[in-house]
Amino acid sequence: MNRDTIISRSVPLILLAGALLLLVLVLSSLHFANLTSRNAQEALDAARLNGRVMRLFTLIQDAETSQRGYLLTGQEEFLKTFRRSENLIPLHFRSLLPDFQSIAVSSVTVERLDALIKTKLDELIETVKLKRSGQAEAALAVVITERGKQAMEEIRQIMVRIDAITNNVGFVRLSALTDATRLLLISITGGAILLVVLVGGAVALILWHSRQLKKASAALELQNETLEQKVRERTRYLERANRELQSYAYIVGHDLRAPLVNIMGFTAELERASGRFASYLLANPLPDHPAAKAAREAVQEDVPEALRFIRSSMKRMDDLINEILKLARAGNRTLQAEPLNLAALIDDVVATLKHRLDGNNTVVTISPDLPGVVSDRLALQQIFANLLDNAIKYADPSRRAVIEVFGKVVGEDVTVTVRDNGRGIASQDNERIFELFRRSGRQDKPGEGIGLAHVRALVRRLGGEVGVRSTLGQGTSFDVTLAADLNRAKNWGEQW
């Protein structure tokens with residue numbers, strides 16, 4: 001086993017051990033931190049409860065002091081503090097009940113404290129009422145019974161016990177907090193030391209290995225420079241071949257048109273000559289002879305039929321040449337990126353097809369939520385005009401034609417779907433239909449087999465791709481994926 005193999009195996013193992021150690025360290029830290037937080041919170045709660053209990057006792061003392069002041073002086077000013085304390089004491093006591101349960105104060109003690117507070121308040125309220133009604137001696141008689149004093153003394157004793165309980169809880173939680181903090185520091189320190197050791201070892205191995213990699217990288221860069229040169233040369237060759245192919249298509253289309261025009265001219269001459277000959281035969285009938293009959297049939301039937309076939313073939317040839325020239329011009333045209341509303345653009349395309357749509361009773365639905373794009377208007381018009389034209393052309397006569405156009409944003413691209421309920425495409429033809437001069441299914445509709453090839457070429461120029469999903473006899477969906485912003489697309493340029 002060589003050194004590179006040892007390093008390649010050791011570094012992942014060291015990193016794995018470090019990751020596991022870090023995980024254990026994090027989990028233990030979380031545990032001790034949670035324990036520390038809980039103990040600190042409980043100690044704080046105990047201290048707060050102690051303060052609130054003392055506040056309750058202070059409110060009772062304030063009520064007693066105010067009552068005595070009023071009994072001795074008869075001044076109404078003492079009653080303000082008394083009334084406030086009288087209202088706050090029951091509320092404050094009820095708010096303490098959940099906290100009493102949390103520190104394990106017995107229910108007997110709580111119930112006794114409640115009874116004592118009510119007794120004390122009753123005694124205070126009774127004496128104040130007697131004093132206000134002018135029965136000062138009766139009020140003093142109630143005080144002399146020492147019923148309130150005994151209740152107050154027992155309340156003080158209960159408060160002292162609760163104070164002891166809360167202080168004990170606080171002491172225990174603070175001790176636990178100290179222990180948890182110490183263990184947290186120990187775990188962090190120990191884990192950090194082990195991590196430093198592991199990371200140091202891994203770094204040493206990585207540094208040594210990186211030096212070896214630099215040597216290999218230098219050799220690889222030398223090879224890459226040669227490879228990049230080859231790639232650049234290959235790219236230039238492909239670009240030149242693409243331009244030559246477009247020029248060739250344009251030249252072929254242009255040169256084919258010249259002999260076609262000549263054929264059309266000579267065909268017209270033949271048609272005129274045939275017409276004159278036919279007129280001559282009508283004016284000068286030939287004798288009833290087999291040869292004469294054959295000549296009449298040739299002039300009146302065979303020659304006109306042959307000329308019709310020639311004209312039909314020339315028309316098809318002319319259409320093919322026009323399509324080839326259009327394809328060549330589209331490939332050479334400079335793209336102009338501009339913000340476009342796809343819904344409005346496709347609606348304009350549909351308007352140009354209105355006559356055909358009305359004639360076929362076709363319904364076109366365009367989603368108003370089609371996303372906007374920054375792209376070439378003319379290219380998009382040609383793409384969707386071809387797709388909509390195909391959907392109309394290959395509608396199923398057994399049902400009303402329905403065409404739907406909708407889309408969505410996919411990352412930095414936009415996908416627009418043109419779906420119809422036409423006669424569909426066989427699965428084996430899904431890719432062939434995008435080939436030049438290739439068509440699918442029954443050849444009962446006019447066409448040259450260039451439209452979808454043109455669509456694919458335009459879509460690719462716009463930084464996208466076009467695909468088809470179809471079920472024979474049910475309908476077809478064309479999915480056109482385009483760069484949402486042609487300016488940011490990676491694979492487009494001034495010329496395709």
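Once the chain from Ile206 to Ser107 is taken as fully extended at 0.36 nm per residue, the excess over their C-alpha distance is 28.9 nm. The spacing between region 116-142 and region 151-228, judged by their C-alpha centroids, is 64 Å.
An ellipsoid equivalent to region 336-488, defined through the eigenvalues of its Cα gyration tensor, has semi-axes of 24, 18, 14 Å when rounded to whole angstrom and sorted largest first.
Length gained on full extension, Asp396 to Ala298, computed as 0.36 nm times the residue gap minus the Cα-Cα distance: 31.1 nm.
Here the extension length gained between Leu222 and Glu146 equals 16.6 nm, from 0.36 nm per residue of separation less the Cα-Cα distance. Centre-to-centre, using Cα atoms only, region 50-69 and region 361-410 are separated by 85 Å.
When each pair of different Cα atoms in region 94-182 is counted once in the 1/r mean, what is the Kirkwood radius in angstroms, to one decimal?
Details: mean 1/r = 0.0642 Å⁻¹.
Over region 94-182, the inverse of the mean reciprocal pair distance is 15.6 Å.
The local environment of Arg38, defined by Cβ-Cβ distances under 14 Å, has a net charge of -2 under the rule Lys, Arg +1 and Asp, Glu -1. Electrostatic bookkeeping for Lys149 treats Lys and Arg as +1 and Asp and Glu as -1; over the other residues with beta carbon under 13 Å from its beta carbon, the sum is -1. Structural size metrics of region 3-209, computed from C-alpha coordinates, are Rg and Dmax of 31.0, 108 Å.
No lab work stands behind these numbers, since they all come straight from the coordinates. All of these numbers come straight from a predicted model, not from anything done at the bench. As a convention, Cβ positions derive from the backbone with ideal geometry for all residues, glycine included, and neighbour counts pool all protein chains shown.
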